[in-house]
């Protein structure tokens, strides 16, 4: 009973003051908007970043510090540069050196490392003698440097490479998949895809299961099916490596809500797990369904349909923040936590599921809403994806760059 009470208490601490704020730019100034459409912090900053761990990095007279969700300076603007907080730790540039600080602004002494790396999922990389290991946010070593490369953690798992062979570890540094594969995918329900010699297959319980004829496999997303390619066509496989939908499509994207966008010729539609077209291929492009049952589809511009294919929001919007960035990084599109970020006539705003614009406001730029808290938490919180800054600043020093693996897909 005592453990249960403690768990509930921790949960209450973590969520009692939670809220979501979006960084927006209005009249050339940056502020923070809440989900009710009102400004939590009025636009007043020249440069700023989104909230993370209850704090946001803000520039003041050429120096960076951190404010809380009330706009109060928690860490004074004394740094020449600053990155987001993740897992209670941020990297800042003090004088000419990059250092770790905690949410009180106190410098944290980390193990010796050739570079400093961002925290994600409660851990960060550190590198010694060209080998990479892990430290936690208490600056204790979790994994001694032993890998040539570690890719950023996703949902608590990371791809690792030694001698050009790939495997998977968790945040405790435990090896879940031995690095013996030429390529490897994400870790989903104790399963991943991999390439061994010239054969693509599924790795489950330490066993490699070849997928008949596959020459490429994409990562599993939210359902037990992912798409794969055979003889230039796309189909779908399950967690056991079976072709459940034959490879007959020109392009495809992930299943969500039991619907997957597929392309036939130059037109996109949606099929169900039985390979039946629920929504005919009539669109120029299509994205996966969000949890609220709406999906972005493109004619000349983007609009939204429901699961029966009915157009519920007209095709008059843009949904990608930066076309060049979208070529290299996966960007969140569509409805996320109840709103969709869209562009119309050069301005950005947030759509609600009924098609109305949040508070009927449009902005010069806008970032996605980010979950935050009134105060930094006493528990470790998984880091969010890096958030793009509204105003471009000079690139961070090489000391903040994560080790990037060679292409594994």
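Derivation of every value follows stated rules applied to the coordinates shown; laboratory data play no part. Since the structure is predicted, the reported quantities are computational estimates derived from the model, not experimental observations. We place every Cβ from the backbone using ideal geometry, glycine too, and count neighbours over all the protein chains shown.
The table that follows gives values for the structure above.
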| read-out | value |
| --- | --- |
| Computed label-point distance, nm, for sites residue 371 and residue 310 using a 7 Å Cα→Cβ extension | 3.1 |
| Label-to-label distance, nm, for residues given as residue 140 and residue 182 (7 Å Cα→Cβ offset) | 4.2 |
| Residue 106-residue 61 FRET efficiency (beta carbon distance; Förster radius 25 Å; 0.05 resolution) | 0.65 |
| Rg/Rh ratio calculated on Cα atoms of the range 71-202 (Kirkwood radius) | 1.06 |
| Length released on extending from residue 190 to residue 95, taking residue separation times 0.36 nm less the Cα-Cα span | 29.7 nm |
| Cα-based shape type of the range 142-192, given that a ≥ b ≥ c are square roots of the gyration tensor eigenvalues and the cut on a/c is 1.5 | oblate |
